Structures are given as C-alpha cells and as structure tokens.
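Trainee: One structure, pasted below without further comment.
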Amino acid sequence: MSKKPPGPHGLQTIPHTLDFIREQIPYIQRMAREYGDVVRFRLGNLDNLLVSDPAIIHEVLVSKAQDFHKDEITHDLKELLGEGLLTAEGDQWKRNRKLASPNLQRTQVSVYADIMSQLSTDAVGRWKHGEERDLHQDMMHLTMEIVVKTLFNLDSGPELDEVSHHVDVAMHYFHLMTHTPWRWVPEVFPMPARKDFKHSIERLDEVVYGLIEKRRGGEEGHDLLWRLIQAKDDEGEGMDDKQLRDEVITMFLAGHETTALVATYTWFLLVQHRDVLDKVFEEVDRVLQKRQAGFDDLQSLSYLNAVIKESMRLYPPAWIIGRQAIRDTTLGDYEVKKGMQILISQMVLHRKPDVFENPDEFRPQRWLEPGFEKSLPRHAYLPFGGGARICIGNHFAMMEAILIVASMAQHIDFELRMTTDMQVSPAVTMRPVVPVTVRVHRR
Ligand code: HEM
C-alpha cells in the first residue's frame, strides 16, 4: 500500500504560499528540514512534491522517467523557447537531442577552447589596476560573447546587444509570471511587461531567422548553428527553420547565464578563501607558464576543476529541477497523483549533512580525496541534472568555466568590495541580488 507524503495542509497552505513567494530557497530548505526527504505542499493551484532522497530522484530521472514530463513552469517557457530541447517532450525531443548531441560531446567542443580563453584574456586585459567592477555583469557579458561566437559565429556588436536585450525582457516577464503573484492574474489584465514580452519575441524572431538564413548561405564552420544545419536524422531529414530558431534561442539562454554564474560565484568564494586562491594561482602559473590556456591543459588544472565543482555544489546556478506526473504513479513508498509537480532542489541536495561533511564549508579539497566522488550516492550531486535529460552543454560548460577562471587568474586578483552578504534570487537560475563588486589588482 502506498503512503500519502507528509507536509503542511489545510489552512496552513495560505501562509505557506506567501512564505514561498517571499523567499523560495529558504522555504524549500525549511520544508526539507521539517518534513524530510519527501514533502508535499500546495502553492496556489500547484500540488508540489519536493524529493531529496537520491534513490527516489533516480526513479524520477531514470527508472520511472516515462511517468514524468517537464513541470508546468518549464512548459511556460515554451512561449519563448518553442519546442527547443529544454522544453520539448516525446518524439520531438528525442529526435532533436539525437541531432544535437554529437555536436556537444567533449571532443567536438574542444575546438572552442581557444576562443573561450582568448575572449577571457581580452576581457581582463581591458580592466585597470585599482578599478571597481561588477563581476556578475562582466561575466554575463563575457559568456555571452563566448556563446554567440562558438555557437553562432557572431562577434560582439549591435545584433548581439539587441538579442541580449530582448532575451532579458522576455526573462523578466517570465520571472514575473512564474515566481511572483502575477502568475495568478488573468491574462486579460493589461500588463505592460506582457506587451514588452510580445514585442521582444517578435524582434528576437526577426534577428534569429535572419541569422539562420545568413548561416545557411555562409561558409562551412565549427559553430553549433552550422553543425545543426548540417545534422540529418535516420531518414536524411534535417531541422527546419522553426526548429533551428527554437534550439538557437534555447542554447543562447541555457548556455550563457549559467556559466556566468559559475564564474561569478567561484570568484566570490575564492577571494574569501585566500588559501584556496593561492593554490589556484600556483597551479595556473605552473601549468600554463604564461601561455594562453587550451583544451590540453584542462586535465592538468585538476585543483581548479575541484574548485569549480565545489562552487557549483554551494551555489548551483540551476537550483531546481521540475517535473510533473503525467499519470498516477508512485515514488518510493509514496503515491503520486497525475498532475503533481515534482521538485528536486540542488540547494537542498548539495548541502545534505549525511552526504557532504560540513556541507556549508567551501572545501574544494574534498573532490580530490581518493574515493570521494565514487562514494557519493548516485544523483546526490546534480549541477547538470541527470538521466536522459541531463544538460547537453555540460562538457561545454565545464570547459568554459575552467578556461575563464584560469585565464583571469593568470592576470588578475580581486578584492571583494561588496558591502552586504551574498543574497541570491531564485528565478530560472540562481542570480545574485546585489552587484558583486570587486576591486581589480593586476598580478
Ligand atoms: C554551468 C553551466 C550550466 C548549468 C549549471 C546547466 C544546468 C542544466 C540543468 C540542471 C539541466 C537539466 C534540466 C532538467 O532536467 O530539467 C540542463 C539542461 C539543458 N542545458 Fe544546461 N547548464 C549549463 C550550461 C549549458 C550550456 C553551455 C548549454 C548549451 C551549450 C546548455 C544547454 C542545455 C539544454 C539544451 C538543456 C536541455 C537538455 C534536454 O532536456 O535534452 N546548458 N542544464
């Protein structure tokens, strides 16, 4: 007999919805602390099940994956992303994943390493000794330059600024509609952000379709758009323009903000842990010997690799994974009703004391201890998700994060000038709320 999951119910759900709207991450962490590894709570019209037991997560992502689709909030993104990989389901997703996957494997993305290091070196080359900068903004700009150059063979310029502006407008609207009470306001209500959103989608479409047309008629290249245009399925069919448009916007969105956050949080942690930063400087100087970092250096930058993993454990840019049950099913001993939203939060999972010793401590060394990674339960560490829908850009992202931080560390050091603690805002990604102000010291 399956059991009903524990959690707040009845009138308790009203203050809970308000608490959730106010502070989502602390709320979710509190639910897990108070009720355990499986908690059911209602928010507005959504019936949620938060699961934090790696064995049950395995059921959601792998062994019972056929019982789940992406959650409602992710499906809402279809207004922007259409049937791109992040939001598509079923045969459409399967076909496009098969077409895109070979192009994002480790060996295939290795050709992007030099661009990543070069653009990072150029960016820090423009910074002056002693000046103060907002690191988060700088990293957003850098990863955007990297993503458009590697994925679409486009250089910085007005076209890029326009795309990024319209994606920002669209994401702002999406944030209002998913993580604030606007979600429950009827669509007929005149809302300026909605008008701006519609306009931005139209402009984005014009720019992106133009880019696809240009690329179809352009020269052979290594950029992902070119590779996607060439990719053919078993019947010899490729992606049409609408599918390419959806994948382009999906990759742009999924591929730059997340990595910018990894670089930002990594430096935020490093400057507060000088002993760790000194080891990073030592490794980078020893391995690179003043050369620009390349793909072949990745293996030797093992300490930096551990630093990035530890940074993504404490500050996972993707802080929550959502699914919804498409039929009645069970998870562990618990009953799950069709329509229930299943939430897996890396902010709970990555700080479980029974899995990570001193979970709130920044200790990259743990990743280098013999047997540590092997000893982790499967799905206890999920910066890139898991199962068939694991992040398709994970090799790209790890390589990029290491090369950005290594290229920066070759030339500069920072002093943290933030006047408050790090506060994060949970939207699609987990962003810092206040500017991450740093003073630049050239090394
Ligand atoms: C550190 C950087 C990144 C993080 C933390 C991250 C995280 C994630 C996570 C957690 C998922 C799974 C979502 C789910 O299961 O619902 C995902 C999916 C995805 N990511 Fe990433 N990602 C990163 C970088 C990238 C990059 C660079 C790209 C593109 C080049 C990318 C493209 C995608 C796509 C297309 C999906 C959907 C895959 C599918 O469902 O088939 N991501 N990402």
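Trainee: So THR87 fits all but one of (1) of a type in the set (S, T, N, Q); (2) under 26 Å from HIS379 (Cβ atoms); (3) part of a helix (DSSP H, G or I); what number is the exception?
Mentor: Result: THR87 passes all but (3).
Trainee: Taking region 70-97 as the region of interest, how many residues are more than 10 Å from the ligand (Cβ to nearest atom), over 13 Å from LEU253 (Cβ atoms) and touching a residue at least 12 places away in the same chain (Cβ under 8 Å)?
Mentor: Residues meeting the conditions: 6.
Trainee: Would you point out which residue out of MET430, MET398, MET408 is among the hydrophobic types (A, V, I, L, M, F, W, C), at negative phi and at pLDDT below 95?
Mentor: Sole residue among the options that is among the hydrophobic types (A, V, I, L, M, F, W, C), at negative phi and at pLDDT below 95: MET430.
Trainee: Would you mind listing the strands (runs of 3 or more DSSP E) fully within region 367-432 where at least 3 residues are buried (at least 16 other Cβ atoms within 10 Å of the Cβ)?
Mentor: Passing ranges, in order: 412-416, 430-432.
Trainee: Here is a further query. Report, ordered by the first and then the second residue, all pairs with beta carbons closer than 6 Å, sequence separation of six or more or different chains, a first member in region 299-324 that is part of a strand (DSSP E or B) and within 14 Å of the ligand (Cβ to nearest atom), and a second member that is at pLDDT 95 or above and among the hydroxyl-bearing types (Ser, Thr, Tyr).
Mentor: ILE320/SER345
Trainee: Could you list all residues from region 142-159 that are assigned to a helix (DSSP H, G or I) and in contact (Cβ under 8 Å) with a residue 24 or more places away in the chain?
Mentor: LEU142, THR143, MET144, GLU145, ILE146, VAL147, VAL148, LYS149, THR150, LEU151, PHE152, GLU159
Trainee: Same structure again: Do we have any residue at all in region 188-203 that's closer than 24 Å to ALA170 by Cα, among the aliphatic types (A, V, I, L, M) and outside any loop (DSSP other than H, G, I, E, B)?
Mentor: Yes, region 188-203 contains a residue that is closer than 24 Å to ALA170 by Cα, among the aliphatic types (A, V, I, L, M) and outside any loop (DSSP other than H, G, I, E, B).
Trainee: Residues VAL39, VAL60: which one is surrounded by 22 or more Cβ atoms within 10 Å (Cβ to Cβ), out of contact with any Pro (no Cβ under 7 Å at 6 or more places or on another chain) and either of a type in the set (D, E, K, R) or under 15 Å from ASP333 (Cβ atoms) (or both)?
Mentor: Going through VAL39, VAL60 in turn, the sole match is VAL60.
Trainee: Sticking with this structure for a sec: Looking only at region 223-262, which residues are assigned to a loop (DSSP other than H, G, I, E, B) and within 13 Å of the ligand (Cβ to nearest atom)?
Mentor: ASP223
Trainee: Right, another one. Answer yes or no as to whether ILE308 is crowded, with 22+ Cβ neighbours inside 10 Å and in contact with a Gly (Cβ under 7 Å, 6 or more places away or on another chain).
Mentor: For ILE308, the condition - crowded, with 22+ Cβ neighbours inside 10 Å and in contact with a Gly (Cβ under 7 Å, 6 or more places away or on another chain) - is not met.
Trainee: Moving on. Note down all Cβ pairs under 6 Å where the first residue falls in region 234-263 and is closer than 26 Å to LEU135 by Cα and hydroxyl-bearing (Ser, Thr, Tyr), the second is modelled with pLDDT under 90 and crowded, with 24+ Cβ neighbours inside 10 Å, and they're at least six residues apart or on different chains.
Mentor: If the second residue must be modelled with pLDDT under 90 and crowded, with 24+ Cβ neighbours inside 10 Å, no pairs are left.
The values are calculated or read from the model by the stated rules, or taken from the named source; none is laboratory data. The structure displayed is predicted, hence computed values, not measured ones. Neighbour counts run over all protein chains shown; Cβ positions are idealised from the backbone, glycine included.
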